[in-house]
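Asks: First, the structure itself, so that you have it in front of you.
The values are calculated or read from the model by the stated rules, or taken from the named source; none is laboratory data. Just so you know, these numbers come straight off a predicted model, no measurement behind them. Every residue, glycine among them, receives a Cβ derived from its backbone with ideal geometry; neighbour counts consider all protein chains shown. Accessible surface is based on the protein model in full, side chains and every heavy atom, while ligands, DNA and RNA are left aside. Shrake-Rupley method; radii C 1.70, N 1.55, O 1.52, S 1.80 Å.
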Amino acid sequence: MRTCVIFNPTARGDKARRFRRHLDDIGRESTLKQTAAVGDARRLAAEAVCEGFEIVVAAGGDGTLNEVLNGFGDVPDGFERARLGVLPLGTVNVFARELAIPTKLDAAWAAIRQGRETRIDLPAVDYHAHGRPQRRCFAQLAGAGLDARAIELVQWQLKKKIGPLAYVVAGLKALAGSQSKITAAGGGHSATGELVMIGNGRLYGGQYRVFPQADLRDGLLEACIFPRVNWLTLARCGPSLLLRGTLPASAVEVLRAESLTHSSPSPTPLEADGELIGHLPAAFSLQRSRLRVIVP
């Protein structure tokens with residue numbers, strides 16, 4: 001199987017250093033394409049699909065994976081022409097955790113070489129950025145409000161030093177600011193809150209099962225709506241997340257539907273797979289069993 005691996009040669013961290021030590025071995029069995037700037041992974045993925053590679057591997061975190069995914073979408077029939085492989089080198093690697101893709105490089109590469117495929121649903125979001133309509137696919141999750149604002153506030157140098165804790169620091173900063181009112185609607189129901197998260201799979205932020213009913217293959221998106229986000233909410237939800245990995249059911253409202261909309265009367269940031277992409281309003285849709293992924 002012709003395999004192309006897309007990676008950032010300047011990425012830091014232990015996982016990235018281990019990956020670079022294996023470059024010669026991986027390069028003998030695949031074609032390597034290196035990124036140099038934000039957006040390159042998307043362009044290189046589209047290029048790889050057009051060149052006829054059967055497997056295109058995102059070697060990086062969830063942001064790199066999202067770019068590669070959207071590179072598939074930039075090519076006519078791209079999702080049928082190529083399969084997605086993942087070498088999880090990022091800070092959190094939520095999507096890899098969802099599909100039980102090994103975090104150890106040797107095991108993850110062995111799974112890619114084996115080439116076992118599964119099909120999962122492919123969500124997308126339509127929104128506006130810089131005054132223009134945009135569409136972005138995502139694999140695992142999206143969010144509007146506090147979590148998107150936290151991503152906006154993350155200091156990337158701090159992230160390199162303390163990893164996932166940088167998101168906690170940014171989240172506390174976001175919590176101290178004013179919050180937008182967001183209305184989520186879908187499946188004949190609606191709910192309003194100050195934080196709305198959408199899950200294709202169960203996990204958020206690593207091992208936390210924020211979307212316990214979500215399934216990558218059920219044709220539905222799950223929206224988790226927090227009516228308020230403040231210090232009381234943190235005190236109420238934090239212990240349950242840390243001890244059990246889930247949210248208290250009474251703390252959130254849940255919508256499950258094939259399509260969802262988000263709107264807000266004030267400027268509200270929007271993220272997909274942990275990357276800030278634009279602002280509300282937004283419309284979410286899903287194509288069932290569209291994405292082909294290599295799994296163990």
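Asks: Residues of the stretch 214-227 being of a type outside the set (G, A, S) and touching a strand residue (DSSP E or B) at 6+ places or on another chain (Cβ under 7 Å), which ones?
Replies: Pass one, the stretch 214-227, residues of a type outside the set (G, A, S): 215-218, 220-222, 224-227.
Matches in the stretch 214-227: L216, R217, L220, L221, E222, C224, I225, F226, P227.
Asks: What is the one condition in (1) part of a helix (DSSP H, G or I); (2) modelled with pLDDT of 90 or more that A59 does not satisfy?
Replies: (1)
Asks: Select from the stretch 98-112 the residues that are charged (D, E, K, R), outside any loop (DSSP other than H, G, I, E, B) and modelled with pLDDT under 95 and list them in ascending order. Spell out how you get there, then give the answer.
Replies: Keep residues of the stretch 98-112 that are charged (D, E, K, R), which gives 98, 104, 106.
Adding the requirement that they be outside any loop (DSSP other than H, G, I, E, B) leaves 98, 106.
Listed by number, the list holds a single entry, D106.
Asks: Go through R244, R217, R236 for me and flag whichever is touching a residue at least 40 places away in the same chain (Cβ under 8 Å) and either of a type in the set (K, R) or in contact with a Ser or Thr (Cβ under 7 Å, 6 or more places away or on another chain) (or both).
Replies: On inspection, the qualifying residue turns out to be R217.
Asks: Any residue at all in the stretch 2-17 that's assigned to a helix (DSSP H, G or I), modelled with pLDDT of 95 or more and within 24 Å of S289 (Cβ to Cβ)? Step through it out loud before you land on a result.
Replies: Taking the stretch 2-17 first, the residues assigned to a helix (DSSP H, G or I) are 14-17.
Filter again for modelled with pLDDT of 95 or more, leaving none.
Scanning the stretch 2-17 turns up no residue that is assigned to a helix (DSSP H, G or I), modelled with pLDDT of 95 or more and within 24 Å of S289 (Cβ to Cβ).
Asks: Looking at (1) within 25 Å of A96 (Cβ to Cβ); (2) modelled with pLDDT of 85 or more; (3) in contact with a Phe, Trp or Tyr (Cβ under 8 Å, 6 or more places away or on another chain), which is the only condition G193 fails?
Replies: In the conditions (1) within 25 Å of A96 (Cβ to Cβ); (2) modelled with pLDDT of 85 or more; (3) in contact with a Phe, Trp or Tyr (Cβ under 8 Å, 6 or more places away or on another chain), G193 misses (1) alone.
Asks: Which numbered condition trips up N70, out of (1) polar (S, T, N, Q); (2) farther than 15 Å from D273 by Cβ; (3) part of a helix (DSSP H, G or I)?
Replies: Only one criterion is unmet by N70, namely (2).
Asks: Would you tally the residues in the stretch 127-161 being under 17 Å from G61 (Cα atoms), open to solvent by 40 Å² or more (accessible area, probe 1.4 Å) and of a type outside the set (D, E, K, R)?
Replies: The qualifying residues number 4.
Asks: Are any residues in the stretch 69-89 out of contact with any strand residue (DSSP E or B) (no Cβ under 6 Å at 6 or more places or on another chain), closer than 30 Å to Y167 by Cα and of a type outside the set (A, V, I, L, M, F, W, C), and if so, which ones?
Replies: Step one: list which residues in the stretch 69-89 are out of contact with any strand residue (DSSP E or B) (no Cβ under 6 Å at 6 or more places or on another chain), which gives 71-72, 74-78, 80-81, 88.
Keeping just the survivors that are closer than 30 Å to Y167 by Cα gives 71-72, 88.
G71, P88, listed by residue number.
Asks: Give me the pairs, please: first residue somewhere in the stretch 141-155 and over 12 Å from I225 (Cα atoms), second residue anywhere and part of a helix (DSSP H, G or I) and of a type in the set (F, W, Y), beta-carbon distance under 7 Å, and either six or more positions apart or on two chains.
Replies: Here the result reads A150/Y167; V154/Y167, each pair linking the stretch 141-155 to a residue that is part of a helix (DSSP H, G or I) and of a type in the set (F, W, Y).
Asks: To continue, here is another question. With respect to E271, determine if the residue is within 24 Å of L172 (Cβ to Cβ), open to solvent by less than 50 Å² (accessible area, probe 1.4 Å) and charged (D, E, K, R). If you could, list the steps in order and put the result at the bottom.
Replies: Details: within 24 Å of L172 (Cβ to Cβ): yes; open to solvent by less than 50 Å² (accessible area, probe 1.4 Å): yes; charged (D, E, K, R): yes.
So E271 fits the description; yes.
Asks: For the subset of the stretch 97-118 comprising residues that are more than 22 Å from A46 (Cβ to Cβ) and small (G, A, S), which member is surrounded by the fewest Cβ atoms within 10 Å (Cβ to Cβ)? Step through it out loud before you land on a result.
Replies: At the first step, the residues of the stretch 97-118 found to be more than 22 Å from A46 (Cβ to Cβ) are 97-111, 113-114, 116, 118.
Then keep just the ones that are small (G, A, S); that gives 100, 107-108, 110-111.
Working: A100: 9, A107: 11, A108: 23, A110: 12, A111: 20.
The qualifying residue surrounded by the fewest Cβ atoms within 10 Å (Cβ to Cβ) is A100.
Asks: Further question on the same structure: Considering only the stretch 49-68, state which residues are among the β-branched types (V, I, T) and open to solvent by less than 10 Å² (accessible area, probe 1.4 Å).
Replies: Taking the stretch 49-68 and keeping what is among the β-branched types (V, I, T), we get 49, 55-57, 64, 68.
Within the stretch 49-68, V49, I55, V56, V57, V68 qualify.
Asks: In the list I225, I198, which residue meets the criterion of being at negative phi, crowded, with 23+ Cβ neighbours inside 10 Å and in a strand (DSSP E or B)?
Replies: Details: I225 fails: crowded, with 23+ Cβ neighbours inside 10 Å.
Testing whether each residue is at negative phi, crowded, with 23+ Cβ neighbours inside 10 Å and in a strand (DSSP E or B) leaves just I198.
Asks: Ok, one more. Which members of the stretch 166-180 meet the condition of being open to solvent by 70 Å² or more (accessible area, probe 1.4 Å), farther than 17 Å from L203 by Cα and assigned to a helix (DSSP H, G or I)?
Replies: Start the filter on the stretch 166-180 by keeping residues that are open to solvent by 70 Å² or more (accessible area, probe 1.4 Å), which leaves 168, 172-173, 176, 178.
Still in the running and farther than 17 Å from L203 by Cα: 172-173, 176, 178.
Answer for the stretch 166-180, where residues must be open to solvent by 70 Å² or more (accessible area, probe 1.4 Å), farther than 17 Å from L203 by Cα and assigned to a helix (DSSP H, G or I): L172, K173.
Asks: Okay, moving on. Can you tell me how many residues in the stretch 69-85 are open to solvent by less than 30 Å² (accessible area, probe 1.4 Å) and farther than 18 Å from G27 by Cβ?
Replies: First, pick out the residues of the stretch 69-85 that are open to solvent by less than 30 Å² (accessible area, probe 1.4 Å): 69-72, 75, 78-79, 82-85.
Applying the additional criterion that residues be farther than 18 Å from G27 by Cβ yields 69-72, 75, 78-79, 82-84.
So the answer is 10.
Asks: Kindly state which strands (runs of 3 or more DSSP E) lie completely within the stretch 254-296 and contain at least 1 residues that are among the β-branched types (V, I, T).
Replies: Per the criteria, 260-263, 275-294.
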